[in-house]
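Peer 1: Below you'll find the structure I mean.
Bear in mind that the values in this text are calculations on the coordinates, not laboratory data. Nothing here was measured: the structure is a model prediction, and the numbers come from that model. We place every Cβ from the backbone using ideal geometry, glycine too, and count neighbours over all the protein chains shown.
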Amino acid sequence: MKSILLGSLAATIISSAVYADTFTYRVPMGMKYSLLAAAAPAAPDGLHSISCGLNHCYGLKDGNAWAVGYNFHGQLSIEGLCTGSSNCYISTWQDTGLAADKVAAGANHGYAISGGTIWSVGRNDLGQLGDATASNKSSWVDTGQPATDIAAGHHFGYAINGGTVWSTGYNLNGQLGRFYKTTQYTWGDTGQPASKISAGGNHGYSLRDGTVWSIGANSDGQLGLGHSNERTSWTNTGIVASDIAAGSWHGYILSGGEVWSAGKDDYGQLGRGGSIYLWQSTGLTATAISAGYEAGYAISGSNVWSVGSNRFGQGARSGSTSTWGDTGQAADSIFAGLYNVYAKSGSDLYSAGRNTKGELGVGDTGDRSSFTAVTVP
């Protein structure tokens with residue numbers, strides 16, 4: 001047993017986690033005080049930190065990685081669920097059983113950080129699992145790669161380890177930042193210092209000392225460098241930002257409290273006119289951003305705003321999609337997939353867009369053109 005002094009009050013604590021959450025000490029007014037409740041921040045309520053790929057999504061709940069949607073390549077890591085068939089999917093969220101801190105979904109693969117290392121699952125024909133084999137994985141596999149953050153592109157991935165960006169997978173446009181354009185089957189250090197990473201179709205963004213750096217495919221000016229030449233090494237854009245979001249062929253950043261965009265604009269997803277090759281403000285004030293395949297999302301004034309393609313209902317609103325518009329959905333966080341989007345408001349979860357493989361988690365396979373409440377077991 002040991003004693004501590006709280007102001008002028010002494011308390012005796014039994015050194016056992018069994019009693020830590022029930023221990024109380026007496027204050028002058030006789031109030032009860034929980035040491036754990038005061039010391040530990042509240043855990044996120046319900047399913048959170050969602051990441052979606054082509055037809056599947058991951059999220060975190062109760063300290064585990066959860067999954068929903070398509071499982072053709074085994075990317076859901078749900079025991080007993082079939083693979084190799086167009087009917088291999090689940091339309092309600094399920095626990096994969098893997099304890100995890102972070103998750104990231106690529107086109108048909110995924111990553112999780114569990115016990116400080118990267119675990120991967122799903123398609124691996126292009127080395128995207130960082131597993132050194134070409135075979136797909138239908139259950140989570142520990143790659144042994146230490147990491148503090150992860151991001152998944154269409155067929156490649158990024159991680160932050162030791163303060164620098166590491167990469168694996170498809171490298172046709174030099175998006176890995178190592179070995180020029182040769183596909184890699186194991187994680188390797190790019191040497192790029194970064195505090196945040198985002199992976200798109202075949203390009204990526206990183207934040208380094210508050211400045212946006214970009215790499216990879218640039219045919220539509222998605223790197224924001226003023227031209228359409230790809231980059232096989234990380235390149236400084238010179239733009240100061242607080243957040244980054246890479247879409248399939250476009251991207252968004254938060255700079256000075258406003259959403260900036262660059263890249264492909266075939267569905268109006270940039271939300272502005274002018275040059276597509278340079279980062280430029282869209283004029284929308286926002287606190288969060290997320291990018292899909294042909295669309296974009298932001299939280300502005302506590303609501304979800306959308307721009308770009310709405311052909312599967314992923315814009316969750318009517319009217320012009322070439323300018324930002326308010327969906328009317330309150331949210332404190334947003335998570336875009338290729339053709340769908342999730343919004344979380346407090347403990348409530350909503351989704352909209354394409355749902356052919358149950359990726360919206362609403363229990364069926366019908367598309368949604370407005371945000372629909374999601375029930376998580």
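Peer 1: Counting each DSSP H run of 4 or more residues in the chain as -39500 (n - 2.57), what helix-only mean residue ellipticity at 222 nm follows after dividing by all residues, to the nearest 500 deg cm²/dmol?
Peer 2: So the calculated ellipticity at 222 nm is -500 deg cm²/dmol.
Peer 1: So, one more: Net charge within 14 Å of residue 218 by Cβ-Cβ distance, Lys/Arg positive one each and Asp/Glu negative one each, not counting residue 218 itself?
Peer 2: The answer is +1.
Peer 1: On to the next question. Less than 10 Å Cβ to Cβ from residue 171, Lys/Arg counted +1 and Asp/Glu -1: what total charge do the surrounding residues give?
Peer 2: Around residue 171, the charge tally is +2.
Peer 1: Check residue 203: other-chain or 5+ apart residues with amide H under 5 Å from its amide H, H built from backbone geometry?
Peer 2: 217
Peer 1: Using a 10 angstrom cutoff on alpha carbons, build the Gaussian network for the chain and name the most mobile of 171, 355, 136.
Peer 2: So, out of 171, 355, 136, the one fluctuating most is 136.
Peer 1: Here's something else I'd like to know. Cβ neighbours within 10 Å, averaged per peptide: list 288-294, 265-271 in order, most packed at the top.
Peer 2: 288-294, 265-271
Peer 1: While we're on this one: Mind ranking 72-79, 112-119 by how tightly packed they are, going by the mean number of other C-beta atoms within 10 angstrom, highest first?
Peer 2: 72-79, 112-119
Peer 1: Quick one: divide the alpha-carbon radius of gyration of the stretch 286-377 by 2.2 N^0.38 Å and tell me what you get.
Peer 2: Scaled against compact globular proteins, the figure is 0.95.
Peer 1: Turning to a different aspect of this structure: Would you give the gap between the C-alpha center of the stretch 294-349 and the C-alpha center of the stretch 353-377, rounded to a whole Å?
Peer 2: With the stretch 294-349 and the stretch 353-377 each reduced to a Cα centre, they are spaced 14 Å.
Peer 1: Just in the stretch 126-200: which chymotrypsin sites (Phe, Trp or Tyr not before Pro) are loop by DSSP and have at most 16 other Cβ atoms within 10 Å?
Peer 2: Qualifying residues, ordered by number: 179, 180.
Peer 1: On to the next question. Take every Cα pair under 8 Å in the chain that's 6+ residues apart, average their separations, divide by the length, and report that relative contact order as a whole percent.
Peer 2: Computed value for the chain: 11 percent relative contact order.
Peer 1: Right, something else. By per-residue mean of other Cβ atoms within 10 Å, what is the highest-first order of 364-372, 254-262?
Peer 2: 254-262, 364-372
Peer 1: Could you work out the relative contact order of the stretch 66-150? I mean the mean sequence separation of Cα pairs under 8 Å and 6+ apart, divided by the number of residues, in percent.
Peer 2: With pairs under 8 Å counted, the relative contact order is 28 percent.
Peer 1: Oh, and also: For a 27 Å ceiling on Cα separation, which of these pairs sit above it: 181/264; 137/264; 61/264; 61/357; 137/357; 102/344?
Peer 2: Result: 137/264; 61/264 exceed 27 Å.
Peer 1: Next question. How many angstrom separate the Cα center of the stretch 61-136 from the Cα center of the stretch 220-269?
Peer 2: The stretch 61-136 and the stretch 220-269 have Cα centres spaced 28 Å from each other.
Peer 1: Now, a different point. Specify which labelled value, from (i) 47, 30, 23; (ii) 42, 22, 21; (iii) 35, 25, 24, agrees with semi-axes √(5λ) of the Cα gyration tensor in Å derived from the coordinates of the model shown.
Peer 2: (iii)
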